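Since the structure comes first, as structure tokens, the remarks are kept for the end.
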Amino acid sequence: MQSTEVLESVKGTNPLKALLSYGQSMWLDYIRRDLITSGKLKTMINDDGLRGMTSNPSIFEKAIADSHLYDDMLKSLGSRADLDATSRYEQIAIRDIQDAADMLRPVYQSSEFRDGYISLEVSPLLALETQKTIDEGRRLWKAVNRENVMIKVPGTAEGLPAIRQLIGDGININVTLLFAQEVYEKVTEAYIAGLEDLAKRGGNLKKMAGVASFFISRIDTLVDSMIEDKLKTTKDAQTQTLLKSLLGKVAIANGKLTYQRYQRIFSGPRWEALASKGAQTQRVLWASTSTKNPAYRDVMYVEELIGPDTVDTMPPATVDAFRDHGRLRNSLAEDVAGAQKVMDDLAKAGISIKEVTTRLTTDGVKLFADAFHQLLAAVEKSIQLKGQNA
């Protein structure tokens with residue numbers, strides 16, 4: 001926990017920048033060419049305390065489809081008969097990732113390799129294929145050729161051995177699409193085992209970093225809809241009260257209990273053996289932090305999950321909202337017993353968190369794959385338009 005003196009000293013400052021005083025790093029869940037070229041990214045690093053970035057195919061799809069920022073590159077790629085749609089997308093993405101990584105490099109160096117990263121995702125079409133994920137991760141790592149990059153790999157059953165292998169290769173990994181506490185534990189095992197593999201090979205653990213991206217708002221979106229369905233069919237007043245008490249509470253409770261597991265796992269003899277060689281913990285990264293329900297406070301998923309050794313990656317609208325009216329406190333360690341009660345009450349209400357998280361993972365794999373197909377279609381359409389206008 002931070003001292004009262006430290007907490008008082010950050011009052012009146014930019015709430016985004018002040019998050020670091022609580023041990024949390026703010027990353028941006030967004031990338032677009034003009035963010036880099038306009039100087040806005042540099043401003044966010046300086047003024048907002050931005051410590052890193054994440055990207056995904058959906059973000060790139062919007063950037064390409066909704067702007068003319070990539071016209072120059074799309075036009076040149078259109079004349080390349082040797083490139084398919086995926087290769088053309090990668091050419092665009094890698095340029096942005098490299099340039100953003102270069103701008104974040106001072107953060108990477110000053111934080112002693114803890115922050116300053118940007119993530120690039122392996123093809124979501126490979127989420128259920130272990131060896132192809134390994135091959136893709138290695139290829140993208142080599143293509144980007146920046147130390148302060150993380151390769152994003154989904155935390156599916158097939159992804160777990162790929163995560164261990166890639167970490168053992170010395171590649172920084174952002175494990176994405178996490179919802180379940182039990183799956184999170186398997187992800188930490190893959191991280192620790194990967195570091196042990198790397199140490200046996202004589203690798204440099206000091207420069208290895210990783211995050212486990214735990215999705216937040218999607219949990220409440222699904223659980224709340226299930227609660228509303230149950231409220232329509234139950235007449236029992238006590239059950240109705242129980243159900244209503246859970247609205248908007250499950251995602252944060254799940255996150256708090258996951259953090260408790262983080263603290264337990266990254267302690268003890270096994271971890272200390274790696275830490276003595278310079279290893280860093282695999283921080284929990286809160287993803288999907290925008291509030292989907294307008295009835296909830298728009299920065300709720302940031303305010304309620306602030307704590308040491310964590311990362312919060314926010315989309316631009318959430319960044320702006322938290323800068324404007326975010327409230328700071330060490331919320332992540334508050335009322336852990338209450339968080340457990342929420343999960344217990346959820347079970348009493350007849351909703352299985354395992355079924356929820358399994359469904360969200362399955363849906364997430366499909367959504368990411370759909371977004372990737374849309375991205376490739378956007379690239380091809382843009383190239384065709386550039387060719388017609390040439």
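For K235, go through the lysines and keep the ones whose alpha-carbon is under 17 Å away, minus same-chain ones fewer than eight residues off. Here the lysines satisfying the reach criterion relative to K235 are K244, K348. When you restrict to C-alpha pairs under 8 Å that are six or more residues apart and normalise by the size of the range 86-172, the relative contact order lands at 29 percent. Only aspartates and glutamates eight or more places from K256 in sequence, or on another chain, were considered; those with a Cα closer than 17 Å are E182, E185, D220, E303, E304, D309, D312, E334, D335, D344, D345.
Of the solvent-accessible surface of the chain, computed with a 1.4 Å probe and all protein chains present, 51% belongs to carbon and sulfur. Normalised by residue count, the chain yields a Cα convex hull volume of 148 Å³ per residue. For the range 241-347, what class follows from the C-alpha gyration tensor (a ≥ b ≥ c being the square roots of its eigenvalues): rounded when a/c is under 1.5, otherwise prolate if a/b is larger than b/c, else oblate? Because a/c hits 1.5 or more and a/b fails to exceed b/c, the range 241-347 counts as oblate. The relative contact order of the chain comes to 22 percent, based on Cα pairs under 8 Å that sit 6 or more residues apart. Mean residue ellipticity, 222 nm, helices only, the chain: the sum of -39500 (n - 2.57) across DSSP H runs of n ≥ 4, divided by residue count and rounded to 500, is -18000 deg cm²/dmol.
Between helix 159-168 and the chain there is an angle of about 70 degrees, using the helix long axis and the longest principal axis of the Cα atoms. Positive contributions from Lys and Arg (+1) and negative ones from Asp and Glu (-1), summed over other residues with Cβ under 15 Å from the Cβ of T37, come out at -1. Exposure check, 1.4 Å probe, all protein chains in place: K62 carries approximately 110 Å² of accessible surface.
3J(HN,Hα) couplings calculated from phi for the range 172-188 with the Karplus curve 6.51 cos²θ - 1.76 cosθ + 1.60 (θ = phi - 60°) are, in sequence order, 5, 10, 9, 7, 10, 6, 9, 10, 9, 4, 5, 5, 4, 4, 5, 5, 5 Hz; Gly and Pro show x.
Put the Cα centre of the range 255-333 next to the Cα centre of the range 77-113 and the gap is 27 Å. For the chain, the solvent-accessible area with a 1.4 angstrom probe is 43 square angstrom per residue.
The values are calculated or read from the model by the stated rules, or taken from the named source; none is laboratory data. Just so it is clear, the structure is predicted and the values come from calculations on it, not from any experiment. All Cβ positions, even for glycine, are placed from backbone atoms using ideal geometry, and neighbour counts span all protein chains on display. The area values use the complete protein model at the heavy-atom level, side chains included, leaving out ligands, DNA and RNA. Shrake-Rupley method; radii C 1.70, N 1.55, O 1.52, S 1.80 Å.
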